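First the structure, in the form of structure tokens, and then the observations on it.
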Amino acid sequence: MDLAPTLKKHFGYDEFRPLQQKIINDALAGRDVLVLMPTGGGKSLCFQLPALTRDGLTIVVSPLISLMKDQVDALQTSGIPATYLNSTLDRQGAVARWRGLHRGEYRMLYVAPERLMLDTFLERAVNWNITQFAIDEAHCISEWGHDFRPEYRELKKLRTHFPDVPMMALTATATERVRADIVKQLKLREPRCYVASFNRPNLAYRVVPKAAPYEQLLQFIRSRLNDSGIVYCASRKSADSLARNLSEDGISAKPYHAGLTSAERTKNQEAFLRDERSAKKPGELLPGDRARRPGRIAKRMRAAVQRERCRQATPFHRRKE
């Protein structure tokens, strides 16, 4: 199958990145696949493109509401029938999506693991023509990983309910032990495993001793007033106070974390992505807690700052944009 026309038409690319085409070919052949790629390495394309080249529904499991909305918005803009089900929808919006799913109107559905594994959800899903499960953030299923989420363990029951549906597990960070645990927990059958290079020559890391942290950060931002960036904070309170202080010092900054309402998160993220700024407030910063990061990154983003010490080095793999 020649995938180049589909790649160009829907995604705008002339060629695949390393490993993508092999992964896609395995997916189209009905094989289970484990994919380890850095953030920004093209994981999503590995399950999105196959969904376009065959009939049926691909269910994408993701714990990040912001990522669901971002990817569905992008897919719909490209003319791809995709949707999501999560807590941000009102009753009318959810009913319309359920109706479309039962009618087979969608190629892709994004859903959180805890919602997918509800008995009422599974009872409906068994009547759909599901062609693949794509488990994003698959490292969350492993208790040996840095971001273990108990609700992910329930996903192992998918094999019981859908024994013939192939699975693709994707992650940006997993040791060999975690990879083995992903395969075991999801009951992947003779999976093809792909590990991409994490070498990103366009990135530079700097470690700076903290003397006067806020003043150091402010100086760093003011030296890059034409760029956007994200500041990772250890807590919601820290993100809120930092955004407030930066705004008072003339920097356009908004917080982003789970303590905000859905409307507030959406408003702040969309403003960041559109790069909204005024003449009096140059620069664009989005302080946020590590547990709730925005799904997309603004095109002009040039810096990510870890304000407080991170307990593990592993999460830094996830920030390689």
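The values are calculated or read from the model by the stated rules, or taken from the named source; none is laboratory data. All figures in this text were calculated on a predicted structure; none of them were measured in a lab. Cβ placement follows ideal geometry from the backbone for every residue including glycine, while neighbour counts extend to all protein chains displayed.
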(request) Being of a type in the set (Ser, Thr, Tyr) and within 15 Å of the chain's Cα centre (by Cα) is the filter; apply it to segment 42-82 and report the residue that is modelled with the highest pLDDT. (result) 44
(message) Is it the case, given these coordinates, that residue 170 is in contact with an Asp or Glu (Cβ under 9 Å, 6 or more places away or on another chain), hydrophobic (A, V, I, L, M, F, W, C), without any contact (Cβ under 8 Å) to a residue 40 or more places away in the chain and not in a loop (DSSP other than H, G, I, E, B)?
(response) no
(request) Give the residues of segment 222-273 that are part of a strand (DSSP E or B), under 20 Å from the mean Cα position of the chain (by Cα) and hydroxyl-bearing (Ser, Thr, Tyr), sorted by residue number. (result) 228, 232, 256
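Which residues, taken from segment 193-210, are among the aromatic types (Phe, Trp, Tyr) and either more than 13 Å from residue 41 (Cα to Cα) or over 21 Å from the mean Cα position of the chain (by Cα) (or both)? Let's see the steps before the verdict.
Step one: list which residues in segment 193-210 are among the aromatic types (Phe, Trp, Tyr), which gives 194, 198, 205.
Passing the criteria: only 205.
Identify, please: which residue in segment 160-190 is in contact with a Lys or Arg (Cβ under 7 Å, 6 or more places away or on another chain) and either under 18 Å from residue 26 (Cβ atoms) or outside the structural domain of residue 57 (by TED's automatic domain parsing) (or both) and is, among those, surrounded by the fewest Cβ atoms within 10 Å (Cβ to Cβ)?
So in segment 160-190, the residues in contact with a Lys or Arg (Cβ under 7 Å, 6 or more places away or on another chain) come out as 166, 170, 172-173, 185-187.
Next, only the ones that are either under 18 Å from residue 26 (Cβ atoms) or outside the structural domain of residue 57 (by TED's automatic domain parsing) (or both) stay: 166, 170, 186-187.
On the way: 166: 22, 170: 26, 186: 24, 187: 15.
The extreme case among them is 187.
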(request) Considering each residue of segment 116-132, count those that are loosely packed, with under 15 Cβ neighbours inside 10 Å and in contact (Cβ under 8 Å) with a residue 12 or more places away in the chain, and give that number. (result) 4
